[in-house]
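Before any comments, here is the structure.
The values are calculated or read from the model by the stated rules, or taken from the named source; none is laboratory data. All figures in this text were calculated on a predicted structure; none of them were measured in a lab. Glycine gets a Cβ as well: all are built from the backbone with ideal geometry, and neighbour counts include every protein chain shown. Keep in mind that these areas ignore ligands, DNA and RNA; they rest on the heavy atoms of the full protein, side chains included. Shrake-Rupley method; radii C 1.70, N 1.55, O 1.52, S 1.80 Å.
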Amino acid sequence: MTEARARIFAGLGRFDQAETEVRRALLDRPGDPELLTLLASVLRLAGRHDDALAAADAAIAAGPAGAGAHAERAENLIVLTRTEEAVAAASEAARLRPGEPEMHRVLARAHAAARDFARARLAARTAVAFDPRSVPSLLTLAEVERVAGRRRAATRATRAALAEDPESPAGRWLIALLDAERLHVGAAMRGLRELAADHPARLGGEALAWPIVGVLAGLRRGVAAGIPLVLAMLLAAVRWPLAELLARGIALVAGVVMVAFAARVLLPAGRLPWRCLRFLPRRAVIIGLVTVGLSVTLLLAYAVSAQWQPLAAAAVLWLVSVASGVRGTSLSAR
């Protein structure tokens, strides 16, 4: 009964109560591999991956033939980026229980984390083969294809999953993520707004601010590539005067491309991302946006004026932007 209560609490997201129930059961059945595996699962869902890994290791020590314990170990090792160990643990889980689709899904995730997409795809398709209408298996295949850069295949698999369960939060999230990666910003924001309305506990406000942080990350990459290239051309101009014209041309193209990118993301996104800015490290984001925006402006000013001062100022501001510390996007981190 205690174990069943723990599973119910875990399903409701009440992980502290689930852990209490499992530990209470362990007092009566210490060293029970199934209970230790359940504890590992609860701790993993609560985000306590080191503790979950320790529980999974204890479950394996108590019952080495328990596929679930090996799968739990693999899941935590994936998050902890210990990918070789994750693949080994997931492979053992699939070997012990080859007829269980979940073991193959874990193996697919482990191979994907190790960037071995051929094996990841094979494992995901093996899981799908057990039940071609399985939403978890289809979404695992979709995620493998997305990480591998095959967005069309990822979209097909996600659409197939949503055809089976149109309300699947994971499927709707993945479609929004794929839309965002293709810069279909309006569609991505609509999907995220609807998902946040239906599942407020699942989707934090920071995810809705992804266009701002995405633009910041994209402009940083553009400036980080453009400024050194312009400086290299200026150095080359000492021996090859034509290189100065190339430097100005590179600065102009880089600046225009970055401005167009920012407009393409921020204009369709509307006001919602700015309203959600409070969920991010606001000061760092604002400093980053101001400094990188000024860097782009100064890069364009150099392209037009051919004066070295705007270029030098752009380089300094870019370094300040990097030091402000906001990297990546909230959406892609999900």
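Within segment 223-238, restricting attention to residues that are open to solvent by 60 Å² or more (accessible area, probe 1.4 Å) and over 30 Å from the mean Cα position of the chain (by Cα), which residue is modelled with the lowest pLDDT?
Restricting to residues being open to solvent by 60 Å² or more (accessible area, probe 1.4 Å) and over 30 Å from the mean Cα position of the chain (by Cα), the top hit is VAL238.
Scan segment 70-83 and give yes if some residue there is farther than 20 Å from LEU45 by Cβ and either surrounded by fewer than 23 Cβ atoms within 10 Å (Cβ to Cβ) or modelled with pLDDT of 95 or more (or both), otherwise no.
Initial filter on segment 70-83 (farther than 20 Å from LEU45 by Cβ): 83.
This time we only want the ones that are either surrounded by fewer than 23 Cβ atoms within 10 Å (Cβ to Cβ) or modelled with pLDDT of 95 or more (or both), so: 83.
Yes, segment 70-83 has at least one match.
Please go through segment 300-325 and give me each residue that is crowded, with 19+ Cβ neighbours inside 10 Å, modelled with pLDDT of 90 or more and hydroxyl-bearing (Ser, Thr, Tyr), ordered by number.
TYR302
Modelled with pLDDT under 90 and outside any loop (DSSP other than H, G, I, E, B), is that true of SER332? So that I can check it myself, show each step before the final result.
Values: modelled with pLDDT under 90: yes; outside any loop (DSSP other than H, G, I, E, B): yes.
Here the answer is yes, as SER332 does meet what is asked.
Being open to solvent by less than 40 Å² (accessible area, probe 1.4 Å) and closer than 15 Å to GLY218 by Cβ is the filter here, so list the residues in segment 264-299 that pass it.
Passing the criteria: VAL265, ALA269, PRO273, VAL285, GLY288, THR291, VAL292, GLY293, SER295, VAL296, LEU299.
Pick from segment 43-87 the residues that are part of a loop (DSSP other than H, G, I, E, B) and within 21 Å of the chain's Cα centre (by Cα): which of them is nearest to GLY11 (Cα to Cα)? Spell out the reasoning first.
Taking segment 43-87 first, the residues part of a loop (DSSP other than H, G, I, E, B) are 46-48, 63-66, 80-82.
The next check asks that each one be within 21 Å of the chain's Cα centre (by Cα); those that pass are 46-48, 80-82.
On the way: ALA46: 11, GLY47: 15, ARG48: 17, LEU80: 23, THR81: 26, ARG82: 27 Å.
The extreme case among them is ALA46.
Give ARG121, ARG172, ARG151, ARG193 a once-over and let me know the one that is modelled with pLDDT under 95, open to solvent by less than 60 Å² (accessible area, probe 1.4 Å) and basic (Lys, Arg).
Numbers: ARG121 fails: modelled with pLDDT under 95; ARG151 fails: open to solvent by less than 60 Å² (accessible area, probe 1.4 Å); ARG193 fails: open to solvent by less than 60 Å² (accessible area, probe 1.4 Å).
It is ARG172.
Taking ASP32 as the residue in question, decide whether it is within 22 Å of ALA10 (Cα to Cα) and open to solvent by 50 Å² or more (accessible area, probe 1.4 Å). Step through it out loud before you land on a result.
On the way: within 22 Å of ALA10 (Cα to Cα): yes; open to solvent by 50 Å² or more (accessible area, probe 1.4 Å): no.
No: the conditions fail for ASP32.
Quick one: would you say LEU183 is surrounded by fewer than 18 Cβ atoms within 10 Å (Cβ to Cβ), hydrophobic (A, V, I, L, M, F, W, C), under 30 Å from ARG275 (Cα atoms) and under 22 Å from the mean Cα position of the chain (by Cα)? Steps first, please.
Working: surrounded by fewer than 18 Cβ atoms within 10 Å (Cβ to Cβ): yes; hydrophobic (A, V, I, L, M, F, W, C): yes; under 30 Å from ARG275 (Cα atoms): yes; under 22 Å from the mean Cα position of the chain (by Cα): yes.
Yes: the conditions hold for LEU183.
For segment 275-324, which residues satisfy the criterion of being part of a loop (DSSP other than H, G, I, E, B) and on the phi < 0 side of the Ramachandran plot? Before you say what the answer is, go through the steps one by one.
Filtering segment 275-324 for residues part of a loop (DSSP other than H, G, I, E, B) gives 280-281, 306-307, 324.
Residues satisfying the conditions are LEU280, PRO281, GLN307, SER324.
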